[in-house]
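Student: This structure is in structure tokens; I'll ask about it shortly.
The values are calculated or read from the model by the stated rules, or taken from the named source; none is laboratory data. Here the structure is a predicted model, which means the values were calculated and not measured. Here the Cβ positions follow ideal geometry from the backbone for every residue, glycine too, while neighbour counts run over all protein chains shown. With ligands, DNA and RNA removed, areas are computed over all heavy atoms of the protein, side chains included. Shrake-Rupley method; radii C 1.70, N 1.55, O 1.52, S 1.80 Å.
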Amino acid sequence: LAGRVGGAPGRRAKGIWVRRLSGSQAWVETKAVFRRDGNLIAIVALALLVLPGTLGDLVQPQTTPGQVAAPGWWTLVSFVTLLIGIVGQLAIVRVALGERQTIGEAIGHGFRRAPAFLAATLLWLLPFLLLFAPFALQVQANPQAPPSTAVLMVLLLTLVFIFFAVRLILATPVAGAERLGPVGILKRSWALTAGVFWRLLGALLMFFLGLFIVVAAVSLITGIVTRLLFGVIEPMSVGALLVALVTQIAAAALTTLLMVLLTRIYLQRAGGEAEPASVPHAP
């Protein structure tokens, strides 16, 4: 390809040519996707992100802040909710790729690709959790005077986790766009993010900061309004349902935005089409 992919200057990364990253172009294409297929994306997000997430919030037992609820039947509900959410993200990726298909076809594609993506995620995430947990428990056991070694290891593992999370951030669009196995998904994302670590890190930090601010603000405002209307919010009550629903809508909106943006970044790096194709609405 003589150093060019899709008509834009590129560079070689682990044996493949990738285009340079343009955040402004990715944002323009993201807005184009929502203009053309916003209704379809909204339906997928509502069915596979908002509703399962709301159910998961409702069944979670109340705990002291910073504490984790003991395992129970709600753990299985949370796991199923997580799986449905993965399917939803992959379906949104499929739409953002510009594939011409119905809602059912996009969701079906998400179901087919979910096992490979889940396996890829566990492949790199599980070792970190196993390494991180012992030190985190030591810090949690004595938060006032935690062991210095445990604190140092928590900080070190957090930095290493952030590095891998950024390098593997394109795993979702890769899983939705390419028929690769778990290892192939990780390798492909690693190659496509080569040379743009700091730009992607900045984008992710802004996204998660925005996610935290929006969800926290929505939860606070909704909680205040709900208490004024219904009094004390009890588990499985109308007030709890309202808080969970509004919070999940806000979180799903930002997650959907991130998925579409990452998909357009993936296409840009992989030399994909410059403009998203329209996806027809399902009958």
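Student: Quick test for you: out of Leu205, Leu137, Leu157, Leu170, pick the one residue that is under 20 Å from Leu118 (Cβ atoms) and not polar (S, T, N, Q).
Tutor: On inspection, the qualifying residue turns out to be Leu170.
Student: Moving to a separate point now. Of the residues Pro143, Pro134, Pro147, Pro115, which is within 17 Å of the chain's Cα centre (by Cα) and of a type outside the set (Phe, Trp, Tyr)?
Tutor: When all the criteria are applied, what remains is Pro115.
Student: For Phe163, indicate whether it is part of a helix (DSSP H, G or I), open to solvent by 70 Å² or more (accessible area, probe 1.4 Å) and more than 12 Å from Phe117 (Cβ to Cβ).
Tutor: yes
Student: What about Ala250, is it closer than 28 Å to Gly108 by Cα and surrounded by 18 or more Cβ atoms within 10 Å (Cβ to Cβ)? Can you show your working first?
Tutor: Values: closer than 28 Å to Gly108 by Cα: yes; surrounded by 18 or more Cβ atoms within 10 Å (Cβ to Cβ): yes.
So Ala250 passes the test.
Student: Could I ask something else about it? Which of the residues that make up the range 24-46 are open to solvent by less than 50 Å² (accessible area, probe 1.4 Å) and hydrophobic (A, V, I, L, M, F, W, C)?
Tutor: Ala26, Ala32, Val33, Leu40, Ile41, Val44, Ala45
Student: Here's a follow-up. Restricting to the range 197-225, and then to whatever is under 18 Å from Ala26 (Cα atoms) and either more than 18 Å from the chain's Cα centre (by Cα) or touching a residue at least 12 places away in the same chain (Cβ under 8 Å) (or both), can you tell me which residue is most open to solvent (accessible area, probe 1.4 Å)?
Tutor: Trp198
Student: Still on this structure, please answer the following. Quick one: in the range 97-156, of everything that is among the polar types (S, T, N, Q) and not in a helix (DSSP H, G or I), which residue is surrounded by the fewest Cβ atoms within 10 Å (Cβ to Cβ)?
Tutor: Ranking the candidates gives Gln144 first.
Student: In addition: Which members of the range 180-196 meet the condition of being more than 18 Å from Trp124 (Cα to Cα) and either without any contact (Cβ under 8 Å) to a residue 12 or more places away in the chain or open to solvent by less than 60 Å² (accessible area, probe 1.4 Å) (or both)?
Tutor: Val196, the sole residue that qualifies.
Student: Of all residues in the range 85-114, which are small (Gly, Ala, Ser) and farther than 17 Å from Leu254 by Cα?
Tutor: Selection gives Gly98, Gly104, Ala106, Gly108, Gly110, Ala114.
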